[in-house]
Each structure stands twice: as C-alpha cells, then as structure tokens.
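Student: One structure, pasted below without further comment.
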Amino acid sequence: MRLIIISESGSDGYGIDDGASAFDLAVKLGCKKSAIAAEINGIKSDLSTKLKENDSVLFINYSDCDGLSILRHSTAHVLAKALLEIDETSKLAIGPAISDGFYYDVLSTRIFSTDDLEMIEGKMRHVIDSKLKFEKSMMKKSDAIKLFEAMGQDFKVELIDGIADEFVGIYRLGDFVDLCRGPHVPSTSYISVDALKLTSVAGAYWRGDSSKAVLQRIYGTAFPTRREMESHFVFLSDAKARDHRKIGQELEIFHIDDHAPGNIFWLKNGTILFNLVKNKVAAIAEKYGYFFVQTPQLLDKSLWEISGHWEKFRENMYVVNDDCDNTTMAIKPMNCPGHIIVYKNGPVKSYRDLPIRMAEFGLCHRNEPSGSLHGLMRIRAFMQDDGHVFCSSDQIGTETQNFCDALQELYNVFGFTDIVVKFSDRPEKRAGSDEVWDIAEKSLKDAADAAGLDYTVNRGEGAFYGPKLEFVLKDSLGREWQCGTLQVDFVLPTRFNTYYIDRNGKKQTPVMLHRAIVGSLERFIGILIEHYAGKFPFWLAPVQIVIASVTDESAEYAKDVFTRLRDHGFRVILDIENEKITYKIREHFVQKVPFIVVVGKNEAQNETVSVRALGSDDTKEVSVLDMFSYFSVM
C-alpha cells in the first residue's frame, strides 16, 4: 500500500502493509514518541485510524498548535472522568480546549471551590497513571441517544439531537464514555501528571443562555512538560502585573463607572496620553496623504438600511426615536456611510481627483454584551482611527502599499516591530454577489502580494462587504493583538450610487478601501499600557519629569527649574512638599515617571540639577543650561 507522507521537506511516497494504522506508520518512521495524532487527507485524526492506498499523512506533534490543543482536549476528558468518580450523579456538558488550557462544564450535587481543585487533580493523576486508551467508535445517532439517556446524561442527549449527521463520534476511556469528534492522544500515558494544573472554578449557563441550567465550569491547563507549564505561569504572573486595568488605576489614567458601563472616563494623565497617541496617528496619516473630516454621531435609519448595517448589524446599534421629526436615528457604530456622504458632496469627482484619502477620529458606539466588557479592550463607546480611500481598481495596489508603509512607520514609533498579517476572505453572512467577491478577493490578494506581505488565510472572517487584511502586532510578552485592517469594498459605493468620471467621460464606481492602523484608540492605549507595563518611553509618558526639592531652602530654585522645563515644552510637575527626598523619589517612581530631577542647596549654588532615571540608582549632575538638550534627546 502506497502512502504520501507530508513533511517539512516535501511529499514522499512510502509503502506500508494493508490495514496498518497511522500509529503503525509512526512506528516505522521512528516518530512514535513525538506524534500524538495525524492529519489524514486534511482531516485531523487519531493515530489509531486505519490508512488506505494513497492517503496523505501529516503527523501532529506536541509542539504544533493543533498538538497542544489535542493534548488539552484529552486532558479535559480525564477531568470529566474524575468528576464522575467524585460524584457519579454528575451531568456532563462540554469540555473543549481553549487558548490557554481547557475547561469542563458539569452539573453536580457537589459545589466545588478552589479548595477542591487539588483533590480533583489527584483523581486525574490516578486516571492518567492507569494508562487508559482513548478508543473511538462511530455510533448511529439514535443508538447514541439511547446510550446517554441510559446514563442520565441529558446534556449529551441534547447535543446529539442537534447533530445533523447520521453517525456521531463516541470515545471510551476505560469505563468512561463521552461524545466527541476528537482526535485525542492514543492513551493517558501521553499526558504528563507533572504538567497539568486546575486553575479556577466559575459559573456558566448551559449554552450561554441565562434561562437554562447554571453549571460549574472547572478550568485547567496542560503542557507536554513541567518546564513549559512553569514558564506559562511565569508568563501569566507577568501578564497580571501588566494588567492595564490595574496600572490604569494606579497611574490615574482612566476610570470606568457603573453609571456608564462600557464607557471611559479619561483622567488627567489619561487625557494627555490619549492626545499624544491621537496626534501621532494624525501626523502619520497626514504624511501619507490623508485629510481629516468629522461626521455626525446620529444618522437616519434609512442610511443604515442602504449600507446594509441595519440588516447585518442592527442588534449592536443604539437606536434613537426622534419624536419631533417622527424619525428613527442610529448612533453610528462605524464611520463609512458618513464618509460616502462627504465624498458625494460638492462637484462630481474626476479620475484626476483619485485617490481620495479621507480620515476621521470617529466616536462610535456598539451595544456589546455586558459580560464581554473588559477595561479598555472591549467597550461600548470608542474612538476609531478610521479612514477610507476612494480609488480606481488599478490603484488598489499602490494604495495598499501606501497603507502598509504608514502602518509600519506608526507601529515602529510605538515600539512594535513584529507584525503578523492575515487575509480574511468572504464570511457566510455577507453583502454582494459571489462574482463581486471573486473580484474583490483577487484584487486584495494581488495587492498584498505586490506589497510583499507574507500572510496566512483566515477563512470566513472578512467584513460583510469585502475581504480584508488584518495586521496583528506582538507585544513585549509575545501576545498577539489585531489592530490594523485594510478592507476592499465594491459593495457600499454601488449601494450609494457613488461614482466618478473616467478619462472617457463615463461614470465609474470607485473602489472603497476601509482602513484603520491602530483601530480603537482606547484599545490601543490598553495594549500600550500592558506592552510597557506603564513605563512609557519618555515622549509618551503623561508626566515626563518631576522636580523634587531636598529642603525648603531649595524650593525657590526648584520652582525656577520647573518653570524653565515647562516653558521648553516638557510635561513636568513640581514637588516641594515637606517630605524626605527618598520618600519623594520612591513615590514618583511608583508612578513610573521617567526622570526625577533633585535640587538641593548644592545644586542651587552650582546652578545644576541631579537627574535620576526610572529603574536606576545612579544620578547624573547636569547644568541648568544643558538640561534642555539632555532631555530633548530622550
């Protein structure tokens, strides 16, 4: 029997006995210790799967993203078995792998707390040490329903009832039976007892519906080795210390109040930071040929019906009924329809006018569920660094390059150099014909290729009116944040009867490129806070310098130094309180001010200042005349 083995070096033919499994193949190839599953003809499968003539096989290892997910999903099944051993009357719901681990939802007569996690882990280790096999079989849907009804597993019966296929996957782990598509590791011996950890207990509604049963959700994580797990928890500890909500409160950057959920109160330092980010984004946009406009917050329902947002996005929009004019208005969730109105204003556009690059810091509102709100990262009112380019189809390539150049320059300014690009194609819920989408996707791919972008395909994640490029930046912890986006839109300009006059005097519909570099300014600032852990570079720090007097005698000199630096444009504060200088230095460095300028009797006599940088125990003596140039190069 001939197989096609997929490896990093390419595809190779390989012979194996009839009836052999993927595991048998792994044994012959000498990779049984590293392989935990296989992708057979593009389908993720257990190693026990029998192979056929001309199958293509790609082995999945622990180090692969899919491999880690499979390991964690298998560990979730071990957790479920342990829960049934603790309370045999438990009703199991679902237990998927998630980005940093796994969970299992269970309805139990026993109320679990964090104090019980160690006990549950002990049960899991016993299951793992038993070296049980994960055995899969396919069962007729009707038989599977009878099986789980007999076990009293009502949630499983409901899940099976909603599956359209005639057969469903059943996994056995010793005497434990669960509904699952798989794949799983071959046996529990592939799970390290030293590299799993249950982390928390929470409540969860069955199927996310508040009218249904309240379940207990037990979270955990698993890794191939103990070292990797320990590194993960070090990472989590670092991420927790960088939490923008905690730092935002400590540094008096922003406040969120119950009177305005999902909305941000920018405090003094936060307002400075917000404007610094906004001004830098504006400067880059103008450098690359954009002009700024401002469009209304409230727009008539009819506009959103034309754009398609009323049909596709209505549940996320805030709607206002205007009793005076007997009209329905919507607070804008995005800026694109308003920019089309601006484009259509004034004289008819000529091909000579294109491209038209329009930008706006548009305040948008989206009715996000309360449970999804998260600091600055997920809110209901946010300012978008929005922009739209109206161009001809043959200008898509150059405009894509122009956008990429602007994005790269701006990200570099903020300290982000590692960028991942994803191409998102047509979603299931979309506007426009397949023919239009074919043209739009080809145009954007050609432009991305011409710009030299190395991208991966993100299936079905495009906007409802067009495909898009997503620009994902990595922060100092290696976490990924999707910020920039560029979308090609042939739909909205047509819906709004938007046109320009070509060189032959004929009407043509322009292409509309939707673009954002940082996206929501609020979210981007949250990312910046965590990226720098609040220790912003000098140019971005809300307070750059503190002038601290040593004694009352040096207060007047401190005031003079303060005035000079302030008048030179530095963001500086004065501290002449009657406190010890060591206390002042400690308190201001807790606030992560980049520099403390200490002035005492000696500094006043010598017309110097003593400068100490955040994180340093050393001081540098600088003359008053030289301190402007000293700080200017920071």
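The values are calculated or read from the model by the stated rules, or taken from the named source; none is laboratory data. Source: prediction; values computed, not measured. Here the Cβ is made from the backbone with ideal geometry for all residues, glycine too, and neighbour counts use every protein chain on show.
Student: State which residue is surrounded by the most Cβ atoms within 10 Å (Cβ to Cβ) when the search covers only segment 305-328 and only residues that are out of contact with any Asp or Glu (no Cβ under 8 Å at 6 or more places or on another chain) and among the β-branched types (Val, Ile, Thr).
Tutor: Our first condition is that a residue be out of contact with any Asp or Glu (no Cβ under 8 Å at 6 or more places or on another chain); within segment 305-328, this holds for 306-310, 312-315, 317-326.
Next, only the ones that are among the β-branched types (Val, Ile, Thr) stay: 306, 319-320.
Numbers: 306: 16, 319: 13, 320: 13.
Filtering first and then ranking leaves 306.
Student: Where in segment 313-405 are there strands (runs of 3 or more DSSP E), lying wholly inside it, with at least 1 residues that are charged (D, E, K, R), more than 23 Å from the chain's Cα centre (by Cα) and closer than 30 Å to residue 454 by Cβ? Before you say what the answer is, go through the steps one by one.
Tutor: Working: elements: 318-322, 327-331, 356-365, 381-391.
Answer list for segment 313-405: 356-365.
Student: Going by the conditions given, is residue 115 over 22 Å from residue 179 (Cα atoms), without any contact (Cβ under 8 Å) to a residue 60 or more places away in the chain and in the same structural domain as residue 189 (by TED's automatic domain parsing)?
Tutor: Details: over 22 Å from residue 179 (Cα atoms): yes; without any contact (Cβ under 8 Å) to a residue 60 or more places away in the chain: yes; in the same structural domain as residue 189 (by TED's automatic domain parsing): yes.
So residue 115 fits the description; yes.
Student: Kindly establish whether residue 287 is of a type in the set (Lys, Arg), touching a residue at least 40 places away in the same chain (Cβ under 8 Å) and not assigned by TED's automatic domain parsing to the domain that holds residue 522.
Tutor: Numbers: of a type in the set (Lys, Arg): yes; touching a residue at least 40 places away in the same chain (Cβ under 8 Å): yes; not assigned by TED's automatic domain parsing to the domain that holds residue 522: no.
Considered against the rule, which asks whether it is of a type in the set (Lys, Arg), touching a residue at least 40 places away in the same chain (Cβ under 8 Å) and not assigned by TED's automatic domain parsing to the domain that holds residue 522, residue 287 comes out as no.
Student: Residues of segment 63-77 being modelled with pLDDT of 90 or more and within 15 Å of residue 32 (Cα to Cα), which ones?
Tutor: Once the filter is applied, which keeps residues that are modelled with pLDDT of 90 or more and within 15 Å of residue 32 (Cα to Cα), segment 63-77 yields only 67.
Student: Whether any residue in segment 433-447 is outside any loop (DSSP other than H, G, I, E, B) and closer than 26 Å to residue 528 by Cβ is what I want to check.
Tutor: Within segment 433-447, not a single residue is outside any loop (DSSP other than H, G, I, E, B) and closer than 26 Å to residue 528 by Cβ.
Student: Using beta carbons and a limit of 8 Å, which pairs, at least six apart or on different chains, have the first residue in segment 241-264 and over 24 Å from residue 369 (Cα atoms) and the second one assigned to a strand (DSSP E or B) and not charged (D, E, K, R)?
Tutor: As it stands, the answer is 253/266, since those pairs meet every condition given.
Student: Starting from segment 444-466, keep only residues that are over 14 Å from residue 400 (Cβ atoms), then list their pairs with residues that are part of a strand (DSSP E or B) and hydrophobic (A, V, I, L, M, F, W, C) whose Cβ atoms are within a distance under 6 Å, requiring at least 6 positions of separation or different chains.
Tutor: 457/423
Student: Please determine whether any residue of segment 159-167 is assigned by TED's automatic domain parsing to the domain that holds residue 226, more than 30 Å from residue 230 (Cα to Cα) and in contact (Cβ under 8 Å) with a residue 40 or more places away in the chain. Full working, then the answer.
Tutor: Within segment 159-167, the first condition is being assigned by TED's automatic domain parsing to the domain that holds residue 226, and the residues that meet it are 159-167.
Remaining after also requiring more than 30 Å from residue 230 (Cα to Cα): 159-167.
Checking the rest, the ones that are also in contact (Cβ under 8 Å) with a residue 40 or more places away in the chain come to 159.
Yes, there is a match, as at least one residue in segment 159-167 is assigned by TED's automatic domain parsing to the domain that holds residue 226, more than 30 Å from residue 230 (Cα to Cα) and in contact (Cβ under 8 Å) with a residue 40 or more places away in the chain.
Student: Would you please name the residue that is farthest from residue 321 (Cα to Cα), looking only at residues in segment 281-311 that are of a type in the set (S, T, N, Q) and modelled with pLDDT of 90 or more?
Tutor: So in segment 281-311, the residues of a type in the set (S, T, N, Q) come out as 294-295, 297, 302, 307.
Going one step further and asking which of them are modelled with pLDDT of 90 or more, we end up with 294-295, 297, 302.
Working: 294: 23, 295: 20, 297: 14, 302: 13 Å.
If we take residues in segment 281-311 being of a type in the set (S, T, N, Q) and modelled with pLDDT of 90 or more, then 294 is farthest from residue 321 (Cα to Cα).
Student: When segment 71-123 is examined, which residues are found to be in contact with an Asp or Glu (Cβ under 7 Å, 6 or more places away or on another chain), among the charged types (D, E, K, R) and over 18 Å from residue 194 (Cβ atoms)?
Tutor: Passing the criteria: 91, 110.
Student: Say we look at segment 444-463 and pick out the residues that are touching a Phe, Trp or Tyr at 6+ places or on another chain (Cβ under 8 Å) and not hydroxyl-bearing (Ser, Thr, Tyr); which of these is surrounded by the fewest Cβ atoms within 10 Å (Cβ to Cβ)? Before the answer, list the steps.
Tutor: Let us first name the residues in segment 444-463 that are touching a Phe, Trp or Tyr at 6+ places or on another chain (Cβ under 8 Å), namely 444-445, 448, 455-458.
Keeping just the survivors that are not hydroxyl-bearing (Ser, Thr, Tyr) gives 444-445, 448, 457-458.
Details: 444: 25, 445: 18, 448: 21, 457: 11, 458: 18.
Checking each candidate, the answer is 457.
Student: Taking residue 210, is it more than 23 Å from the chain's Cα centre (by Cα), closer than 24 Å to residue 373 by Cβ and small (Gly, Ala, Ser)? Can you show your working first?
Tutor: Values: more than 23 Å from the chain's Cα centre (by Cα): yes; closer than 24 Å to residue 373 by Cβ: yes; small (Gly, Ala, Ser): yes.
Answer is yes for this residue.
Student: When you check residue 148 against the structure, is it in contact (Cβ under 8 Å) with a residue 40 or more places away in the chain, surrounded by 21 or more Cβ atoms within 10 Å (Cβ to Cβ) and in the same structural domain as residue 215 (by TED's automatic domain parsing), yes or no? Step through it out loud before you land on a result.
Tutor: Working: in contact (Cβ under 8 Å) with a residue 40 or more places away in the chain: no; surrounded by 21 or more Cβ atoms within 10 Å (Cβ to Cβ): yes; in the same structural domain as residue 215 (by TED's automatic domain parsing): yes.
Answer is no for this residue.
Student: Shifting gears a bit: Please identify the pairs in which a residue from segment 346-372 that is over 18 Å from residue 512 (Cα atoms) has its Cβ atom under 8 Å from the Cβ atom of a residue that is small (Gly, Ala, Ser) and not in a helix (DSSP H, G or I), counting only partners at least 6 apart or on another chain.
Tutor: 363/381; 364/381; 365/381; 368/262; 370/262
Student: Can you name the number of the only condition in (1) surrounded by 15 or more Cβ atoms within 10 Å (Cβ to Cβ); (2) among the small types (Gly, Ala, Ser); (3) on the phi > 0 side of the Ramachandran plot that residue 505 fails?
Tutor: That leaves (1) as the condition not met.
Student: All but one of (1) under 19 Å from residue 190 (Cβ atoms); (2) among the charged types (D, E, K, R); (3) in contact (Cβ under 8 Å) with a residue 60 or more places away in the chain hold for residue 105; which doesn't?
Tutor: If we test residue 105 against (1) under 19 Å from residue 190 (Cβ atoms); (2) among the charged types (D, E, K, R); (3) in contact (Cβ under 8 Å) with a residue 60 or more places away in the chain, just (1) comes out false.
Student: With 377, 358 as the choices, which residue is modelled with pLDDT of 90 or more and in contact with a strand residue (DSSP E or B) (Cβ under 8 Å, 6 or more places away or on another chain)? Working first, answer last.
Tutor: Working: 377 fails: in contact with a strand residue (DSSP E or B) (Cβ under 8 Å, 6 or more places away or on another chain).
Just one listed residue meets the conditions, 358.
Student: Give just the number: which of (1) in a helix (DSSP H, G or I); (2) of a type in the set (Ser, Thr, Tyr); (3) in contact (Cβ under 8 Å) with a residue 24 or more places away in the chain does residue 476 not satisfy?
Tutor: Among (1) in a helix (DSSP H, G or I); (2) of a type in the set (Ser, Thr, Tyr); (3) in contact (Cβ under 8 Å) with a residue 24 or more places away in the chain, the lone unmet condition for residue 476 is (1).
Student: I would also like to ask the following. Hey, any hits in segment 402-419 for a residue that's surrounded by fewer than 20 Cβ atoms within 10 Å (Cβ to Cβ) and touching an Asp or Glu at 6+ places or on another chain (Cβ under 6 Å)?
Tutor: Checked segment 402-419: no residue is surrounded by fewer than 20 Cβ atoms within 10 Å (Cβ to Cβ) and touching an Asp or Glu at 6+ places or on another chain (Cβ under 6 Å).
Student: Looking at the structure I just gave you, is residue 422 part of a helix (DSSP H, G or I) and at pLDDT 85 or above?
Tutor: On the way: part of a helix (DSSP H, G or I): no; at pLDDT 85 or above: yes.
Spelling it out, it is not the case that residue 422 is part of a helix (DSSP H, G or I) and at pLDDT 85 or above.
Student: Are there strands (runs of 3 or more DSSP E) fully within segment 517-624 with at least 1 residues that are more than 30 Å from residue 470 (Cα to Cα), at pLDDT below 95 and more than 42 Å from the chain's Cα centre (by Cα)? List them. Don't jump to the end; show me each part of the working.
Tutor: Numbers: elements: 545-549, 572-575, 595-599, 608-613, 619-623.
Here the list reads 545-549, 595-599, 608-613, 619-623.
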